[in-house]
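Novice: One structure, pasted below without further comment.
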Amino acid sequence: LTCENAIVVEGCNQTFSGTTVGVPNDNTTSGATNCTGAPGTAGQIWYSFTATADASMTISTCGSGWDTQIAVYTGTCGSLTCVTGNDDGCGLQSTLTFTTIAGQSYLLRVGGFASQSGAYTLQMVCSDGIVGCTNPAASNYDALATVDNGSCILFGCTDPLANNYNSTATSNDGSCNYCSD
């Protein structure tokens, strides 16, 4: 199916089966961009959904028998913006998790790596909750958050050349030490 004829998904926690064998490629007309590396050149199947809540959504083709790619976009066919994508998240199949925004419409592309095509099983699972920083060590920790949105701020030395480099720090606090013994 082309981007313009995407399968409409109502709600979460669903499983779909399909095949991309014999499906024409619509990269040129859809505007599919580089979300996972180059979009595959074989056919693809498109799904559309509108998020009903801020939630964590996991999309997966794990268990399909070939090299899949999945990509999530916003925008309209012909003018797409990549939200996230995955190639080889579970062996040669794909899986990704992202935070949906209530009321936002998304387009999901299921295709293959390079010229690969085949039958797939697609799982879409949502975990409703409060979106925010779930790391208690972060300066912006939200004790009510149940879905991490990647916004956590952890202060420390972010320079890998410093003696006190902190690989978990996301924001440099000016504490880097460069003294040598």
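We did not get these values from a lab; they are worked out from the coordinates using the rules stated. From a predicted model like this one, the values you see are computed outputs, not experimental measurements. Methodologically, a virtual Cβ is constructed for each residue, glycine included, from the backbone with ideal geometry; neighbour enumeration extends over all protein chains shown.
Novice: How big is the dipole moment of the range 1-111 about its Cα centre under a simple scheme where the beta carbon of each Lys and Arg is +1, that of each Asp and Glu is -1, and everything else is neutral? Debye, nearest 20, please.
Specialist: Details: 1 positive and 7 negative charges, 7 e Å.
In debye, rounded to 20, the range 1-111 gives about 40.
Novice: Given a Förster distance of 35 angstrom, what is the FRET efficiency for E10 paired with S151, based on the Cβ-Cβ distance and rounded to 0.05?
Specialist: 0.75
Novice: Which of the peptides 150-162, 12-24 is most tightly packed, and how do the rest follow, judged by the mean count of other Cβ atoms within 10 Å per residue? The partial results should precede the final answer.
Specialist: Details: 150-162: 15.1, 12-24: 13.3.
Output ranking for 150-162, 12-24: 150-162, 12-24.
Novice: Spin-label point model (7 Å from Cα, Cβ direction): what's the T19 to C90 distance in nm?
Specialist: So the label points at T19 and C90 sit 2.2 nm apart.
Novice: While we're here: Using modelled amide H (1.01 Å from N, peptide plane; none on Pro or chain starts), what sits under 5 Å from the amide H of S64, excluding residues fewer than 5 places away?
Specialist: Those lying under 5 Å, H to H, from S64 are T121.
Novice: Could you tell me the ratio Rg/Rh of the chain? Both radii from Cα atoms, Rh via Kirkwood. All intermediate terms of the calculation are to be shown ahead of the outcome.
Specialist: Working: Rg = 19.6 Å, Rh = 18.0 Å.
Looking at the chain, the ratio lands at 1.09.
Novice: Something else: Excluding T95 itself, calculate the net charge of residues whose Cβ lies under 12 Å from the Cβ of T95, where each Lys or Arg counts +1 and each Asp or Glu counts -1.
Specialist: -2
Novice: What distance in nm lies between label points placed 7 Å from Cα along the C-beta direction at A114 and T170?
Specialist: 3.7
Novice: Place a label point 7 angstrom from the Cα of S105 along the Cα-to-Cβ direction, then list the residues of the range 25-42 whose backbone nitrogen is under 19 Å away.
Specialist: Residues passing the 19 Å test: 29-33.
Novice: Between N25, N86, N140, where does the largest GNM mean-square fluctuation fall for the chain, given springs only between Cα atoms within less than 10 Å?
Specialist: N140
Novice: Please tell me the relative contact order of the chain in percent, rounded to the nearest whole number, where contacts are Cα pairs under 8 Å and at least six residues apart.
Specialist: Values: 501 pairs, mean separation 40.2, N = 181.
In percent, rounded to a whole number, it is 22.
Novice: Determine the calculated [θ] at 222 nm for the chain from helices alone, applying -39500 (n - 2.57) to every DSSP H run no shorter than 4 residues and normalising by the residue count; nearest 500 deg cm²/dmol.
Specialist: Computed ellipticity for the chain at 222 nm equals -500 deg cm²/dmol.
Novice: What FRET efficiency, computed as 1/(1 + (r/R0)^6) with R0 = 25 Å and r the Cβ-Cβ distance, is obtained for N34 and A137, rounded to the nearest 0.05?
Specialist: On the way: r = 34 Å, r/R0 = 1.37.
The computed FRET efficiency comes out at 0.15.
Novice: Return the inverse of the average 1/r over all pairs of distinct C-alpha atoms in the range 1-43, which is the Kirkwood hydrodynamic radius, in Å to one decimal.
Specialist: Details: mean 1/r = 0.0823 Å⁻¹.
Hydrodynamic radius (Kirkwood, Cα only) of the range 1-43 equals 12.2 Å.
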